[in-house]
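Quick note: the coordinates plus some simple rules give every number you see, no bench work behind them. Small disclaimer: the values here were computed from a predicted structure and weren't measured. Positions of Cβ are backbone-derived with ideal geometry, glycine not excepted, and every protein chain shown enters the neighbour counts.
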C-alpha cells in the first residue's frame, strides 16, 4: 500500500524518523495502528455512555459542574 501525504506532514514524519533513528515507514505504521486502536476505544466508550444513558445513569449539567468544581479545588 502506498499513501500520499501533504509535504508538511511528510517533512514532520521524516524529521521524527531522523530524530528517533527509525525508518519513516515504521513510524507511519505505528501511527496508523495507534489511530485505529484509539478509534476502537473511543467507539466503545461512546457505546458504554449511550447504554448508561438508556439505563438512566447520567449527571445533570449542574451535577457535572459541581463535580468539576470539587475536582479543581482538590
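Data overview
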read-out: Number of the exception - residue 19 against (1) more than 21 Å from the chain's Cα centre (by Cα); (2) part of a helix (DSSP H, G or I); (3) surrounded by 10 or more Cβ atoms within 10 Å (Cβ to Cβ); value: (3)
read-out: Unique residue being without any contact (Cβ under 8 Å) to a residue 24 or more places away in the chain and part of a loop (DSSP other than H, G, I, E, B) when the list is 10, 57; value: 57
read-out: Test result for residue 17, touching a helix residue (DSSP H, G or I) at 6+ places or on another chain (Cβ under 9 Å) and at negative phi; value: yes
